[in-house]
Structure formats: structure tokens, C-alpha cells
Amino acid sequence: MPAEPITAAQIFERFFAPLYPPDALADLAGARSTDANPAGNPSILAQIDHAAEVFARLAPAAFGAPDLGLDFSDASVHRLGAALTRERRDAWLAPAGGPSGARGSSGASAVSAGGDPPMLVTLVTHGALYVGACVVKNHGGKWQVRRPLWESLVRLESSAGTGDLAIFQWWLKALSDEEIGRGRLVDRYRTHVEVPTFDAERLPIIAAGDRRIPKLAKVRYDTLYKHLRAHLPELRSVGDDFPSAERFEELGFKSMEFALLGGGRMLLMHGATADGVHLLWLDASGFVKSLYYPADSFPSHVVQIEGQKIRVIVPVRGETQMHEMLWWGA
């Protein structure tokens with residue numbers, strides 16, 4: 001029979017829970033909300049920095065990737081997240097000295113009889129502090145110290161508000177069978193760190209933000225180009241990363257609507273297809289990103305722009321769902 005799926009909860013319970021102080025384990029919610037450094041002791045913050053530096057120095061060998069380049073940049077988090085593969089995870093789950101990838105009856109390998117934790121424990125406890133250190137260094141985050149240290153949060157103030165980032169939890173989820181190999185650590189870093197702190201005001205203005213661009217009723221690759229040339233000639237190109245003509249035709253847009261965002265710094269294009277709603281963002285250089293939401297064909301989706309935020313309202317199985325994001329996208 002196939003092994004049971006490895007869940008984030010299983011990884012925590014089997015490998016990390018035994019390492020927690022009994023009182024913290026007995027009340028995890030309390031431990032995760034209690035300041036473990038109320039006096040602001042700098043030596044504790046120095047321990048966090050040291051653990052992050054150890055990870056940056058030793059992780060490339062553990063990953064078998066000497067060019068991983070853990071230089072505390074945002075890009076290094078992207079490289080790190082891409083390197084979290086199923087094969088590496090299964091090797092790290094093996095107890096120290098045990099066979100690579102061995103699993104116990106619950107779908108994850110057990111700690112060895114001698115009590116040595118697998119490599120995964122060292123990587124995650126230090127890796128959580130490394131990713132947090134990247135938020136602190138690059139985006140002005142502030143450590144919220146917890147016990148054990150790898151449970152520490154990073155408080156980040158941004159255009160989206162103030163949030164406490166539980167990066168240790170990001171790692172556990174990213175290593176589960178549900179997410180492994182899908183780049184979800186990077187997705188969370190982008191969504192909760194990079195997008196909210198992005199300085200959108202530095203984008204060049206394409207055109208006046210109050211310009212109205214008519215709806216395009218018959219959407220083809222060639223008609224879209226003509227439409228943009230007629231109504232937004234300042235946008236010289238849709239960019240090299242815009243969907244190809246073949247891919248665009250495959251999507252089968254029923255119609256296309258347009259809105260200038262951020263005082264004219266970005267163009268949002270959105271439209272319904274047979275199976276959902278697609279949104280595409282372009283800046284002065286062309287295509288930047290896209291989002292897709294599954295949706296019923298009726299009623300039509302609605303995009304609302306209010307201040308710094310966009311709301312996308314879609315019908316799903318007869319019920320209304322609302323997605324909210326900053327105007328420069330998720």
C-alpha cells in the first residue's frame with residue numbers, strides 16, 4: 001500500500017514537538033502569542049542572526065547546491081524555495097544514520113533510536129530564521145521573539161497594514177506532500193512580503209489615470225493590439241512575457257475590460273473565459289503578472305477599484321466570492 005501523505009501537522013508532531021519545552025507544547029497558542037524577549041535583550045536577537053548566518057553558510061551543502069547563493073536577498077529566498085523538492089525532503093526526513101527517505105507508519109520517518117533528529121529539523125529551525133532575517137534586512141521587519149526561537153514571528157508594516165509573519169509555519173506547509181515542489185514558500189514570501197512592500201509609486205506613468213478605455217467585445221490577439229494602439233498608444237509594447245498568440249487564443253476571452261491603476265502607472269486587463277476570470281497587469285514595459293480565478297459563467301464577474309485596493313467578485317457554484325488585493329496585484 002502507498003505511504004500515507006505527509007502533512008505539515010505530522011512533520012511538526014513527529015519531528016519538532018519533542019524539542020519543545022513542555023509548557024510551550026502544552027499551550028502552543030499561548031507560546032506563539034507571548035513575547036519571549038520583553039526586555040529587548042540584544043543577545044537574543046544576536047542568537048537569531050547567528051542561526052540565520054549558519055544556515056546561509058551550511059545550507060548549500062545540505063541542498064547539494066553550492067551555487068544556492070544565500071546572500072540575504074529577496075532573490076535568495078526565491079532560489080531557496082525552488083530548491084525544496086520532494087527528493088531532497090525525503091532524504092532529509094531520514095533519521096541521522098538511517099536510509100534516505102525511510103518513512104514510519106504515519107507517512108513520515110521517525111527520530112532514530114539514539115534520538116538524533118533528521119537533517120530536516122536543523123534545516124527548518126535555521127531556515128525559518130534565515131527567511132525572517134531577509135524580511136528584517138530588506139523590508140524593515142521587526143522580530144517578535146518566541147520560544148523556541150524558530151517560532152519567532154516577523155512583524156511587517158506595509159501598504160497592506162501590519163502583519164506578523166509565522167515563517168516557521170510557512171516551512172512546514174511547504175514541505176508537506178500537499179505543497180512540496182510547488183514553490184509555495186516563494187509564493188508566501190511574494191504575497192506577504194514583496195507585494196505589500198513594493199514601491200509602486202516609483203513606476204513611470206503610462207497615461208493619465210482618469211482615461212477611460214472602452215471594453216473590447218470581440219477579443220482576438222490582433223484586435224487587442226489594435227485596441228491598445230487606438231486607446232493607449234503610450235503603451236509601446238505588451239512585453240516579451242505576454243501570453244503568446246496561440247496561448248491567448250486558447251484562453252478564449254468572451255470580452256476584455258481595461259482600467260488604469262495607481263494614477264496611470266499600470267494597466268489592468270480582465271475578462272471572463274469559459275472556465276473563469278483572468279486578470280493581467282502591464283506597466284510601461286509591458287506584461288508584469290496575471291491571476292486566474294475559477295468562476296461560473298453567470299453572472300458576470302465584477303472588478304472594483306477603491307483607493308489602494310482592488311476587489312474581484314466572482315460567482316462560484318452559485319455563491320459569491322470576493323478577492324481583495326493591492327492595485328499592483330497579488
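The values are calculated or read from the model by the stated rules, or taken from the named source; none is laboratory data. What you see is a predicted model, and the numbers here were worked out from it, not measured in a lab. Cβ atoms come from the backbone with ideal geometry, glycine included; neighbour counts cover every protein chain shown. Accessible surface is based on the protein model in full, side chains and every heavy atom, while ligands, DNA and RNA are left aside. Shrake-Rupley method; radii C 1.70, N 1.55, O 1.52, S 1.80 Å.
Observations on the model:
- For the condition in contact (Cβ under 8 Å) with a residue 24 or more places away in the chain, open to solvent by less than 20 Å² (accessible area, probe 1.4 Å) and not in a loop (DSSP other than H, G, I, E, B), HIS270 qualifies.
- Hits in the stretch 211-245 - residues which are closer than 15 Å to LEU282 by Cα, of a type in the set (Val, Ile, Thr) and assigned to a helix (DSSP H, G or I): none
- Pairs with Cβ under 7 Å, 6+ apart, first in the stretch 67-95 and touching a residue at least 12 places away in the same chain (Cβ under 8 Å), second charged (D, E, K, R) and part of a helix (DSSP H, G or I): LEU68/ARG79; PHE72/LYS137; ASP74/GLU194
- Residues that are surrounded by fewer than 16 Cβ atoms within 10 Å (Cβ to Cβ), assigned to a helix (DSSP H, G or I) and over 25 Å from the mean Cα position of the chain (by Cα), drawn from the stretch 1-43: ALA17, PRO18, LEU19, PRO22, ASP23, LEU25, ALA26, GLY30, PRO42, SER43
- Those residues of the stretch 176-210 which are under 21 Å from LEU129 (Cβ atoms), in a loop (DSSP other than H, G, I, E, B) and charged (D, E, K, R), in sequence order: GLU179
Listed here are the residues, each with its yes/no results for (1) closer than 24 Å to LYS218 by Cα; (2) open to solvent by less than 30 Å² (accessible area, probe 1.4 Å).
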site	(1), (2)
VAL277	yes, yes
LEU282	yes, yes
ASP296	yes, no
GLY307	no, no
VAL312	yes, yes
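- Qualifying positions in the stretch 134-150 - open to solvent by less than 10 Å² (accessible area, probe 1.4 Å) and either out of contact with any helix residue (DSSP H, G or I) (no Cβ under 9 Å at 6 or more places or on another chain) or part of a helix (DSSP H, G or I) (or both): CYS134, VAL135
- Within the stretch 277-330, the set of residues being over 18 Å from the mean Cα position of the chain (by Cα) and on the phi > 0 side of the Ramachandran plot comprises GLY286, GLY307, ARG317, GLY318.
- Given (1) surrounded by 13 or more Cβ atoms within 10 Å (Cβ to Cβ); (2) touching a helix residue (DSSP H, G or I) at 6+ places or on another chain (Cβ under 6 Å), index of the condition PRO66 fails: (1)
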